[in-house]
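Notes for the one structure printed next.
A short reminder: the numbers here are calculations on the coordinates, not readings from a lab. Note that this is a predicted model, so its numbers are computed, not measured. Counting neighbours? That spans all protein chains shown, and the Cβs are built from the backbone with ideal geometry, glycine included.
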Amino acid sequence: MAAGIVQVAAQAGYFVFMKLHKNKERGLKLIDQGLTRLVKKDKITTSGKAEILSRIRPTSNWEDARDVDFVIESVSENFDVKKEVFGKLDSICRPDVIFSTNTSSIPISKLATTIRRPGKFVGLHFFNPVPAMRIAEVVRGAETSFDTVVTTEKLAHSMMKETVRVKDVPGFLVNRMNQAFRNEAYHCLNEGVANIEDIDKAAKLALGLPLGPFEVADMVGLDVGLEVLRVLYDGYGDPKWKPDIFLERLVEKGDLGRKTGKGWYDYSSGDKKSRNDIKEILTEGFDRKP
């Protein structure tokens, strides 16, 4: 998602410092591929693509954050990892700089306690794929100032995103609805109501969705989806949010979706294919009748 956020910010005319990590080539490659698709669709020109790329400044140096006017964090969905990132930035960035997090589920108010500018801390939650999805949630923490909310909304609007204001509750708004739907799809799979492919087909053809729940889960990342469910389960204590055991099994195996080449589907060939081994993986260790 970070690559998508960098892309739409650069497309909006902003100069973007893109902090690289160990998988640095992947992010830059995704941006290049995303812009190439726009060229092929005649949405931008080749020279336009080059101009957008020129506004992206990859860096491995935290000190470059001294020059930024707004921070968007999109690291892994882990409180300690985000805390470490914001701790470094808090000592480098100017006091007036707003910090935003693209977290899917971690409470904004909790993250805000890790820095010295809680009034300038806000949730700015995009959706995958960022360049295509038109909405972003703006989540106000307990100490987030009104000016911070308004400035964040203006930034999102300039990046061609509609915004919704959301209360700082577990799962926020969209993921709370999404996970309820996705978990029901998992239950249907567990109960043998239909297979993965047919559940996705039904969701698309009957409900008019662009992607089925398993396809979306693979795009978002099964590890992210599992973490969101855990936050919802811990936050509300409702059994309906209990993480699906098959989802947990795939995450434990390291099959996290598109980013690892396998999830509910197999992407290792470059195309989405059904997995011949999915039944064996999901039922391994269970004494199930055919």
| request: Treating the angle as unsigned and between 0 and 90°, give the value, to the nearest 10°, between the Cα long axis of helix 2-11 and the longest Cα principal axis of the chain. | output: 50
| request: Arrange the following residues from fewest to most other Cβ atoms within 10 Å of their Cβ: F181, F70. | output: F181, F70
| said: For the range 174-283, compute the orientation-averaged projected area of the C-alpha convex hull (one quarter of its surface), in nm². | reply: 6.7
| Rounded to 10°, Cα long-axis angle of helix 79-90 versus longest principal axis of the chain | 10
| query | Summing +1 for each Lys or Arg and -1 for each Asp or Glu, what net charge is found among the other residues whose Cβ lies under 15 Å from the Cβ of K40? | reply | +2
| request: Specify the angular offset, from 0 to 90 degrees and rounded to the nearest 10, of the alpha carbon long axis of helix 222-236 from the longest principal axis of the alpha carbons in the chain. | output: 90
| Average Cα contact separation per residue, the range 2-167, under 8 Å, 6 or more apart, as relative contact order % | 20
| request: Using Cα pairs closer than 8 Å and at least 6 residues apart in sequence, work out the relative contact order for the range 174-283, in percent. | output: 22
| task | Within 10 Å of each residue's Cβ, count the other Cβ atoms and sort K29, K262 from fewest upward. | result | K29, K262
| field | Rg(Cα)/(2.2 N^0.38 Å) for the range 132-214, N = residue count | value | 1.43
| query | So what is the calculated 222 nm ellipticity per residue for the chain, using -39500 (n - 2.57) for each DSSP H run with n of 4 or more, over all residues, to the nearest 500 deg cm²/dmol? | reply | -14000 deg cm²/dmol
| Within the chain: Cβ-based charge dipole about Cα centre, in debye rounded to nearest 20 (Lys, Arg +1; Asp, Glu -1) | 640
